[in-house]
Amino acid sequence: MSKIIYVCSRKGPLGPTAEKRLRKIADALVPDNVKTKPESKVRVCGNTGYSVSMPNGQAHEDGMSVLLGCLFERGQFPWADIGQDRPDGNYALFRTTENEIEVATDAAGSRTIWYYFDDDLFIAATSQRAIVMFIGEFAFDDRVIRWMLSTGSLGPTLSWDRRIKRLQADSSVRLSRNDWTVSVEERPVVFSEVKRDSREHGEALVAATTKTIRSLAPLDFSRWVLTLSGGYDSRAVLYFIHKELGLPPGLRAVTWGVSDSVGAEGNDATIARQLALSLGLEHEYHQTDFLSEPVHVVVDRFLACGEGRIDKIPGYTDGLNMWAEFHRQGVVGIFRGDMGFSHKRFASVISGRPMLGCGFCSDFGNLGAIDHSLGICGGQELPEVLEKRKSESFDTWRDRLSHAYRLPSINAAASDIKYSYVEQINPLLSRAVLDVIRGLPDRLRNNKDVHKRIVSELGPKVRLGDGDATAPEADILRTQSFADFLKHEIRSDDTTDLLGYELMNRISMGLTTVPRRKLSWKRHIKRIGTIVIPEPLKSALRDRVSKPDIDPYVLAFRVIIIARMHKMLAADAQRLRTSAAG
């Protein structure tokens, strides 16, 4: 997907200077390993303007209204009309009239939109960096420090800059041009069981998925690739495409990971190939082991493209050159199988938060031990809308939090990295599919029960994968080159000046040569507990006796993300000033 910045000025027409700024911002967002760079699209009309980096022909435009992404609507849907409800799709939506501007996210928040508002400017963008470049200032929000340390993300609501707001999933922000005010509408995620029997629930899910897949028929599949693993979700997309659209000419499947995964029995790399071949689909495996580029280049490109929203670097350690190659080949985008189900179970809020990726510093043994006087830990809380309600089960809360937090905060952050190169479609995250899931009883959502039965009956009987093709993050960070990089950067002036010498000293003490697989007695108990201890008792033990630790190398990498993003955004704030001076 292209990235967009959309600007409205209160003072009057934007003019040639603003147009040049928009073009330079769009050009600056193009990854440095893209050799043939398409010309950025820039449009200015009166006091409104926008620019699109890496345009790929997938944007919908109507006057000064823009929709980046994919619609799951059949026929001509009036998406540009502010008076109409928001369409079903994966998108970021910017629509305008003479009196209003509305910016909106889709039902899953699959494309994150950020916005900035002051007395003179309204700016909305799919990039924080773009906003910082345009306003020419960076105001670091130090609240992100504890969220990055405890979750490897920016948490449920924050951005790197305290003035930039994040639009939540299925939400919109409206600017009234007349009185220069903004209003935000957020539709809550509601799980409410629909009274059907198991068969009817399954039929409803099949119908919603079928409708979504059929809407993709007009695409030129020769310019798209299907990302395939060994699990249920991506094979569901494959099976439904095959069932409803046949085998579209030119469509191919891709899997990526480390070279050791190739041919390994039961590994995602092996199972994905068997899945593709069982339906006569071409399959490619891309090795993403380290190439010849230095670690700092790999890390900085990963952060520049994803804007440091997430720490999950496995799969990108080739310096994102696989994605640059897709762009060079003319690939428009990828199909993914992200799904609105969660399979982990727990029986307490404290044990549930880390499993869902929104753990507090106090939920982890080695973070809770950090002195609160450092000003890093403590004070974390979930927005009220994400808190567990007295009336809901832990299973319902888990899945509601998955839709309201994980999809727009974690999944969308990972997608941001890819959007620098290609478009992305997640058909299983259509509003139609999500609405059915939210009407299921716990028993059919747990362990993806209804989903698994549907997929198992739909396609070839190929076994499930039991191992990721990519290496675990902690193992990657322990490779010699990466470990050396972390140990050097953790002591750098940029890092210690921002986060303090005492904290960096505590974290660097964990960067030892002790093998990762050496288990402490606590980890032995946890491993045994996965087999013999009931979930309520395990949750109680985790809460009171044996809180999980964050791997010290992962923790160090999160610290480096904070420091390098601070430096990158500070440079972005000066970028256009420096360019103008030059």
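Where a number appears in this text, it was derived from the coordinates with a stated rule and is not lab data. Small disclaimer: the values here were computed from a predicted structure and weren't measured. Cβ: placed from backbone, ideal geometry, glycine included. Neighbour counts: every protein chain shown.
Can you tell me how much longer the chain between Ser222 and Ser492 gets when fully stretched, taken as 0.36 nm per residue apart minus their C-alpha distance, in nm with one decimal?
92.5 nm
Amide H neighbours of Lys3 under 5 Å, at least 5 residues apart or on other chains, H built in the peptide plane: list them.
Long-range HN contacts for Lys3: Ser53.
Once every DSSP H run of n ≥ 4 in the chain is given -39500 (n - 2.57) and the sum is divided by its residues, what mean residue ellipticity at 222 nm do you get, rounded to the nearest 500 deg cm²/dmol? Walk me through the numbers on the way to the answer.
On the way: 22 runs with 223 residues, N = 582.
It lands at -11500 deg cm²/dmol.
Determine the dipole magnitude for the chain: charges of +1 sit on the beta-carbon of Lys and Arg, -1 on that of Asp and Glu, nothing else is charged, the reference point is the Cα centre, and the result goes in debye to the nearest 20.
Rounded to the nearest 20 debye, it is 960 debye.
Taking amide H positions as placed in the peptide plane 1.01 Å from N, state which residues far from Gly467 in sequence (5 or more) or on other chains have amide H under 5 Å from it.
Excluding prolines and chain starts, which carry no amide H, the hits are Asp268.
In whole angstrom, note down how far apart the Cα centers of the range 8-82 and the range 200-276 are.
31
Check Val254: other-chain or 5+ apart residues with amide H under 5 Å from its amide H, H built from backbone geometry?
Amide H neighbours of Val254, under 5 Å, 5+ apart: Leu226, Thr227, Leu228, Glu284.
Diagonalise the Cα gyration tensor of the chain and give the resulting equivalent ellipsoid semi-axes, square root of 5 times each eigenvalue, largest first, whole Å.
Taking √(5λ) for each eigenvalue gives 34, 31, 25 Å, largest first.
Would you mind telling me the antiparallel percentage of the DSSP bridges in the chain, rounded to 5?
Bridges in the chain are about 75 percent antiparallel.
From the phi angles alone, apply the Karplus equation (6.51, -1.76, 1.60; θ = phi - 60°) to the range 77-94 and give each ³J(HN,Hα) in whole Hz, x where the residue is Gly or Pro.
With coefficients 6.51, -1.76 and 1.60, one gets 9, x, 5, 7, 8, 4, x, 8, 5, 6, x, 8, x, 10, 6, 10, 10, 10 Hz.
Could you compute the FRET efficiency for Arg328 and Arg163, with r as their C-beta to C-beta distance and R0 at 35 Å, rounded to 0.05?
Computed FRET efficiency for Arg328 and Arg163 comes out at 0.40.
Apply the Karplus curve 6.51 cos²θ - 1.76 cosθ + 1.60, θ = phi - 60°, to the phi angles in the range 97-108 and return the couplings in whole Hz, x for Gly and Pro.
Computed from phi, the couplings for the range 97-108 are 10, 4, 10, 9, 10, 10, 10, 9, 9, 7, 4, 9 Hz.
What list of ³J(HN,Hα) couplings, whole Hz, do you get for the range 214-223 from phi and the Karplus terms 6.51, -1.76, 1.60, once you set θ to phi - 60° and write x for glycine and proline?
Values, residue by residue: 5, 5, 8, 3, x, 5, 8, 5, 5, 10 Hz.
Rule-of-thumb check for the range 212-263: C-alpha Rg over 2.2 N^0.38 Å?
On the way: Rg = 12.4 Å, N = 52, 2.2 N^0.38 = 9.9 Å.
Expressed relative to 2.2 N^0.38 Å, the Cα Rg reads 1.25.
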